[in-house]
Amino acid sequence: MIHQSKIFGLALGTVMAFCAPALASEGYGDCKLFGKQGTEKAETAVPGQFTVIINLPAVGEFNGDTPEAITSGREFCMAVNIAYRLGIDTVVLKNASFDSIVAGQNKEFDIALALISVTEPRKKVVDFSTPYASGAFGLATRTDSTLDEASIKTAKLGTQAGTIMVQWAQDSLPETSLSVFDDTGAMFTALAAGNVDVVMTDLSVILGQVANSGGKLKVVGQYPSGRDTAGIYPKGYAQKPVIDKIIADMAADGTLKSLESEYLAPAWGGVTPADVPVWKN
């Protein structure tokens with residue numbers, strides 16, 4: 001699915017716009033803008049727009065079940081602020097499978113933002129941006145579950161295809177019964193239905209999904225990943241230096257920290273990564 005947003009005016013054609021005409025100071029959707037508009041220039045994949053590949057659902061990062069519904073979120077507003085500093089007033093969101101993102105199968109986009117861990121094998125098919133966060137593997141169960149650090153080793157575990165957690169679980173939790181799902185939504189549906197005992201994905205996503213579960217799920221632990229989180233560019237993308245500079249600038253001037261505080265903390269329902277027990281495998 002594709003979603004287009006503009007600061008000035010409404011998008012035309014078959015692509016929907018989520019916001020009415022607005023001043024630049026009001027941002028895209030509900031996003032706050034930081035820094036100055038148009039401080040950098042880049043020749044984007046599609047002229048006149050900043051195209052972002054995403055993987056839904058991603059509560060806290062892209063708040064909405066479809067690209068058309070997204071008006072806020074940490075990674076969404078990060079993309080908005082990159083576009084703003086490029087002087088581009090149109091952002092297009094394209095939903096794709098995580099597996100296709102890390103395999104370099106998507107075309108005509110400027111960056112993919114999906115809490116992606118940097119790995120050497122992935123560098124062979126895609127280019128990574130400057131890191132903007134550090135990741136951890138979060139674990140969620142049903143609220144009535146008694147699963148703990150010991151019993152997970154023989155539990156029915158679910159995780160998402162294409163993530164580094166598949167190989168990690170096979171290596172670090174070899175006695176679990178591992179189920180691999182095509183997307184995050186299917187994984188959490190399986191957990192709610194009792195088809196798996198526990199699910200594992202990026203801790204930010206776990207915290208957001210649990211807070212959004214109406215009390216049906218809980219966070220039980222986390223495993224440190226030891227890896228940076230970064231965006232993905234198409235292999236050989238010529239605009240990488242420009243966008244890397246913007247991300248580095250946003251880290252240095254406090255923009256990334258502000259976006260994290262603005263959008264992740266509320267989506268996590270008052271729970272922070274520091275509140276989640278760190279487990280040993």
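The values are calculated or read from the model by the stated rules, or taken from the named source; none is laboratory data. What you see is a predicted model, and the numbers here were worked out from it, not measured in a lab. Cβ atoms come from the backbone with ideal geometry, glycine included; neighbour counts cover every protein chain shown. What goes into the accessible areas is simple: the full protein's heavy atoms, side chains included, and nothing from ligands, DNA or RNA. Shrake-Rupley method; radii C 1.70, N 1.55, O 1.52, S 1.80 Å.
Residue-wise test of (1) of a type outside the set (S, T, N, Q); (2) farther than 22 Å from Ile54 by Cβ; (3) within 21 Å of the chain's Cα centre (by Cα); (4) open to solvent by less than 30 Å² (accessible area, probe 1.4 Å).
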position: Ala114; (1), (2), (3), (4): yes, no, yes, yes
position: Ser134; (1), (2), (3), (4): no, no, yes, no
position: Leu147; (1), (2), (3), (4): yes, yes, no, yes
position: Leu173; (1), (2), (3), (4): yes, yes, no, yes
position: Gly185; (1), (2), (3), (4): yes, no, yes, yes
position: Phe188; (1), (2), (3), (4): yes, no, yes, yes
position: Val196; (1), (2), (3), (4): yes, yes, no, yes
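Yes or no, residue by residue, for (1) more than 21 Å from the chain's Cα centre (by Cα); (2) in a strand (DSSP E or B); (3) over 20 Å from Phe98 (Cβ atoms); (4) polar (S, T, N, Q):
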{"residue": "Gly208", "(1), (2), (3), (4)": "no, no, no, no"}
{"residue": "Ala230", "(1), (2), (3), (4)": "no, yes, no, no"}
{"residue": "Met250", "(1), (2), (3), (4)": "no, no, yes, no"}
{"residue": "Val271", "(1), (2), (3), (4)": "no, no, yes, no"}
{"residue": "Asn281", "(1), (2), (3), (4)": "yes, no, yes, yes"}
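Looking across the range 151-166, just one residue is within 18 Å of the chain's Cα centre (by Cα), assigned to a strand (DSSP E or B) and farther than 19 Å from Phe62 by Cβ, and that is Thr159. Residue count for the range 71-84, restricted to those that are within 13 Å of the chain's Cα centre (by Cα) and over 21 Å from Thr39 (Cα atoms): 3.
Could you please find all residues in the range 116-127 being hydrophobic (A, V, I, L, M, F, W, C), under 18 Å from Ser225 (Cβ atoms) and either surrounded by fewer than 20 Cβ atoms within 10 Å (Cβ to Cβ) or modelled with pLDDT under 95 (or both)? The answer is Val118, and nothing else. Taken over the range 252-269, the residue count meeting the criterion of being modelled with pLDDT under 95 and not in a helix (DSSP H, G or I) is 2. Among the residues of the range 232-248, those identified as surrounded by fewer than 17 Cβ atoms within 10 Å (Cβ to Cβ) and in a loop (DSSP other than H, G, I, E, B) are Lys235, Gly236, Ala238.
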